[in-house]
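The values are calculated or read from the model by the stated rules, or taken from the named source; none is laboratory data. It should be emphasised that the depicted structure is a prediction, and the values quoted were computed from it without experimental measurement. So basically every Cβ, Gly included, is an ideal-geometry build from the backbone, and we count neighbours across all protein chains shown. Calculation scope for accessible area: heavy atoms of the full protein, side chains included, ligands and nucleic acids excluded. Shrake-Rupley method; radii C 1.70, N 1.55, O 1.52, S 1.80 Å.
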Amino acid sequence: MSGRTTIHDVAKAAGVSVSTVSKAVNGRYGIADATVRRVLDAVRELGYESSLVASSMRARRTGVIGVLLADFEPFSAEILKGVGAAVHDTAFDLLAYSGSHQGAGEGWERRSLSRLSGTLIDAAIMVTPTIVNAATEIPVVAVDPHTGRADLPTVESDSFGGALTATRHLLELGHRRISFLGGRPDLRSAGLRDAGYRRALRDAGLPVDPDLIRPGLYEWQTTRDSARVLLAGPDRPTAVFAANDLSAIAVIDVAREMGIRVPEDLSVIGFDDVPEASRRAQPLTTIQQPMRRLGSVAAEMVFSLLAGEQLDELHVTLPTRLVVRGTTAPQPESPGR
């Protein structure tokens with residue numbers, strides 16, 4: 001074989017998963033003796049011992065992977081489920097941790113890592129961290145970091161491409177007055193969704209109307225207030241693209257309170273595809289980002305780092321896709337009336 005042998009090569013040669021290789025080489029419970037022998041034979045044949053020695057040098061292990069969250073909300077909950085699924089068949093335990101946000105001058109991540117790393121956790125997955133330069137001796141992977149890519153390994157969804165697809169879907173339905181309810185301005189992913197919306201309009205030869213762009217901030221009441229202003233005017237939009245699903249749901253609720261029918265009078269599309277999007281009486285059209293996959297990919301990166309391996313990709317971007325349900329329809333014949 002060319003290049004340095006990795007744990008993935010061993011798993012392929014032995015016909016097992018990466019987590020099973022990790023269990024076998026570390027003498028963990030839960031695998032048959034025959035499987036252990038097959039894995040160790042593959043280790044010897046492929047010359048993987050040097051990597052094992054390197055990882056064993058850092059032997060003070062707790063057997064715990066930490067997932068650090070700013071808050072337990074739908075997005076982070078789905079990420080956590082993805083990490084949990086990846087960790088399920090390994091020897092690692094999972095710790096979900098949301099620390100205090102008081103006095104957040106240095107970022108909640110620094111405090112959380114300083115409290116946990118080296119004593120309670122072997123590695124950390126940070127979900128939507130505000131910083132990516134927290135000094136730590138343990139492997140750290142960031143999911144959807146606020147500021148975007150850095151030297152730290154990152155995993156994120158294609159927010160720009162997803163927003164482009166969402167707006168183009170509305171354009172293809174004949175809508176021309178399309179509003180955008182933005183997310184948090186400090187989040188890079190929210191900025192990319194704004195940029196995707198604007199690019200789709202420009203590509204269609206339409207001006208970007210500032211009156212159709214309102215803040216939602218991913219906050220329920222802020223979104224409701226912005227939606228009420230947008231929908232109360234005489235020349236209201238015929239469609240709204242909201243930067244996340246909870247904001248889209250808030251728009252739909254406000255529209256119904258105002259006697260505006262969805263999708264007959266107003267089309268609404270969200271972003272994320274959280275579980276509530278498909279469970280509503282009128283399921284939400286949305287851009288699906290693979291939230292659980294984000295978590296599982298982050299976990300696989302952590303496994304590789306704990307094994308002393310270099311990552312094939314330092315920054316991973318996963319594709320999004322359009323899911324058409326019941327809240328988008330062709331532009332009404334008399335828009336805004």
Yes/no for Ala281 being open to solvent by 30 Å² or more (accessible area, probe 1.4 Å), small (Gly, Ala, Ser) and modelled with pLDDT under 95
yes
Note on the range 253-273: residues surrounded by fewer than 24 Cβ atoms within 10 Å (Cβ to Cβ) and farther than 18 Å from Leu322 by Cβ are Asp253, Val254, Ala255, Arg256, Glu257, Met258, Gly259, Ile260, Arg261, Glu264, Asp265
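Would you confirm, using the coordinates I've provided, whether Leu201 is touching a Gly at 6+ places or on another chain (Cβ under 8 Å), hydrophobic (A, V, I, L, M, F, W, C) and open to solvent by less than 40 Å² (accessible area, probe 1.4 Å)? Break it down into steps so the answer makes sense when it comes.
On the way: touching a Gly at 6+ places or on another chain (Cβ under 8 Å): no; hydrophobic (A, V, I, L, M, F, W, C): yes; open to solvent by less than 40 Å² (accessible area, probe 1.4 Å): yes.
No; evaluated as a whole, the condition is false for this residue.
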Does Ile178 count as free of Cβ contacts under 8 Å to residues at least 40 places away in the same chain and β-branched (Val, Ile, Thr)?
no
Residue pairs, Cβ under 6 Å, 6 or more apart or interchain, first in the range 154-175 and under 15 Å from Asp194 (Cα atoms), second open to solvent by 30 Å² or more (accessible area, probe 1.4 Å) and assigned to a helix (DSSP H, G or I). List them.
Ser159/Leu192; Phe160/Leu192; Phe160/Ala195; Leu164/Arg199
Where Thr328 falls short, out of the listed (1) surrounded by fewer than 20 Cβ atoms within 10 Å (Cβ to Cβ); (2) modelled with pLDDT of 95 or more; (3) out of contact with any Gly (no Cβ under 6 Å at 6 or more places or on another chain); (4) part of a loop (DSSP other than H, G, I, E, B):
(1)
Please go through the range 262-301 and give me each residue that is free of Cβ contacts under 8 Å to residues at least 24 places away in the same chain and part of a loop (DSSP other than H, G, I, E, B), ordered by number.
Ala281
Which residue pairs have Cβ atoms closer than 9 Å, lie 6 or more positions apart in sequence or on different chains, and pair a first residue in the range 31-53 that is farther than 14 Å from Asp9 by Cα and among the charged types (D, E, K, R) with a second residue that is at pLDDT below 80 and surrounded by 18 or more Cβ atoms within 10 Å (Cβ to Cβ)?
Arg37/Ala24
